[in-house]
Amino acid sequence: MSCGRHIRASASFENPGVERHLLADSTPGTVIPVQSVVPIFVSSGRSGLTLLRMIFDSHPELTVAHEPRFLATMAPNHTRYERDGGLGIDRFLGDLYAVSNFRRLGLPREEVRSALEDQRPAGFADAVRIVFGLYAQSQGKALYGDKTPLYISFMEPIAGLFPEGRLLQLVRDGCDVVLAYLERDKGPATVAEG
């Protein structure tokens, strides 16, 4: 028995007035474009979110990063990177590259540093936009998104930092999720062992 799958957009991300524009809080003279909509895919594990990411990623203008996970640790503590005069680039890069999943995106650290130094982000959110913009460029695309199921536990800080974000939550029947975990080659063999 299954309830199937469906997508639910989070109402907390509604902000229809956000369009591609320059950030108001940027350092004077700095241009940091903001996408009008950034899809952020969340869910429980084993829900089919990877397939959904692949479908969206196949669009010629949109790339969806596969579980970079850095927002889970960095967004709730975003003030750690912000200082008078802009972003603390060394601290931001140190924490960013400490996340092994982020490193899998293949962005060279010096390229990210150079972009941050050139564009001088005013704070954490601007820096993240720059990083994802670089990732989109590296994939030959203009737009970006993020697929990290773990972000389901960090929706409030992410929503507060990225008004252009749209959370897309894939919901799968809990029984089906458990069965999917049990069918994997690794992990518990029974619900009692889990």
With respect to residue 23, determine if the residue is at pLDDT 90 or above, of a type outside the set (D, E, K, R) and crowded, with 16+ Cβ neighbours inside 10 Å.
-> no
Determine, yes or no, whether residue 118 is surrounded by fewer than 19 Cβ atoms within 10 Å (Cβ to Cβ) and in contact (Cβ under 8 Å) with a residue 24 or more places away in the chain.
-> no
Assuming residue 80 fulfils every condition listed in (1) under 19 Å from residue 33 (Cβ atoms); (2) over 13 Å from the mean Cα position of the chain (by Cα); (3) of a type outside the set (Asp, Glu) apart from one, which condition is it?
-> (1)
Do you know which residues across the stretch 135-155 are in a helix (DSSP H, G or I) and aromatic (Phe, Trp, Tyr)?
-> 135, 151, 154
Please find, among 102, 92, 124, the residue that is at pLDDT 95 or above, under 30 Å from residue 173 (Cα atoms) and open to solvent by less than 10 Å² (accessible area, probe 1.4 Å).
-> 102
When every residue in the stretch 151-172 that is touching a strand residue (DSSP E or B) at 6+ places or on another chain (Cβ under 8 Å) and open to solvent by 30 Å² or more (accessible area, probe 1.4 Å) is compared, the one farthest from residue 55 (Cα to Cα) is 155
For the stretch 58-74, state whether one or more residues are of a type in the set (Ser, Thr, Tyr), at pLDDT below 50, over 18 Å from residue 127 (Cα atoms) and open to solvent by 10 Å² or more (accessible area, probe 1.4 Å).
-> no
All-but-one check, residue 181 against (1) among the hydroxyl-bearing types (Ser, Thr, Tyr); (2) open to solvent by 20 Å² or more (accessible area, probe 1.4 Å); (3) in contact (Cβ under 8 Å) with a residue 24 or more places away in the chain; (4) touching a helix residue (DSSP H, G or I) at 6+ places or on another chain (Cβ under 8 Å), failing number (4)
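The values are calculated or read from the model by the stated rules, or taken from the named source; none is laboratory data. Just so you know, these numbers come straight off a predicted model, no measurement behind them. All Cβ positions, glycine included, derive from the backbone under ideal geometry; neighbour counts span all protein chains shown. The accessibility values were calculated without ligands, DNA or RNA, using every heavy atom of the protein model including side chains. Shrake-Rupley method; radii C 1.70, N 1.55, O 1.52, S 1.80 Å.
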